[in-house]
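Down below is the structure, laid out as C-alpha cells.
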Amino acid sequence: MKSYLRKLKAYVNANPTRFDDDCPLPALNSLYWHYTECHTMTNEKTKQASRNLSAYLRFLPLKKRDTIYCLASTLCAEHESIAFIAGLQLGAQLMLELTEEAEK
C-alpha cells in the first residue's frame, strides 16, 4: 500500500489538476465547486430567509434589487467556501495526526 501511495503522490505532484490557476489550493477549491454545483442545499430556514430578503427588496428597482441579492449571495457563498475548505483541511490534519500516532 505504501508503494502505491508513493506512486500516486508522485503522479499527482507531477500532474496536478488545475481548474483555477490563481487558486492557492486548487484541489480543495475544485472539490468545493463540484460539491456546490451538484448539491444545492436548502432547508426551511434558508427558504424563509430568501423569501424575507425578497420581501425587503421588492420596493427597490429591479437593478438595485439584483445587485443587493448578488452581493448577499456572494457573501454567503464565500463563507460556505471557507468553511468547506477548512473542514477538509481539518479532516486531512486529523488523519495525519492519527496516522502519526499509530506509527509511534
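The values are calculated or read from the model by the stated rules, or taken from the named source; none is laboratory data. None of these values were measured; they are calculated from a predicted model. Positions of Cβ are generated from backbone atoms using ideal geometry, with glycine treated the same way; all protein chains shown enter the neighbour counts. Each accessible area value is taken on the protein alone, full model and side chains, heavy atoms only, with ligands, DNA and RNA left out. Shrake-Rupley method; radii C 1.70, N 1.55, O 1.52, S 1.80 Å.
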Inset, instruction - Identify the residue in region 48-70 that is more than 28 Å from the chain's Cα centre (by Cα) and of a type in the set (F, W, Y) and, among all such residues, is most open to solvent (accessible area, probe 1.4 Å). - result: Y56
Inset, instruction - Enumerate the pairs (first residue in region 73-102 and under 25 Å from A49 (Cα atoms); second residue anywhere and at pLDDT below 80 and aliphatic (A, V, I, L, M)) with beta-carbon separation below 6 Å, excluding pairs fewer than 6 apart on the same chain, so at least 6 apart or on different chains. - result: I85/L28
Inset, instruction - Return a yes/no flag: does region 91-104 have any residue that is open to solvent by less than 80 Å² (accessible area, probe 1.4 Å), out of contact with any Ser or Thr (no Cβ under 7 Å at 6 or more places or on another chain), more than 19 Å from S30 (Cα to Cα) and among the hydrophobic types (A, V, I, L, M, F, W, C). - result: no
Inset, instruction - Give region 71-104 a look and list any residue that's over 22 Å from the mean Cα position of the chain (by Cα) and either modelled with pLDDT of 85 or more or assigned to a helix (DSSP H, G or I) (or both), or say none. - result: E97, L98, T99, E100, E101, A102, E103
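Taking region 71-82 on its own, how many of its residues are of a type outside the set (V, I, T) and surrounded by 11 or more Cβ atoms within 10 Å (Cβ to Cβ)?
6
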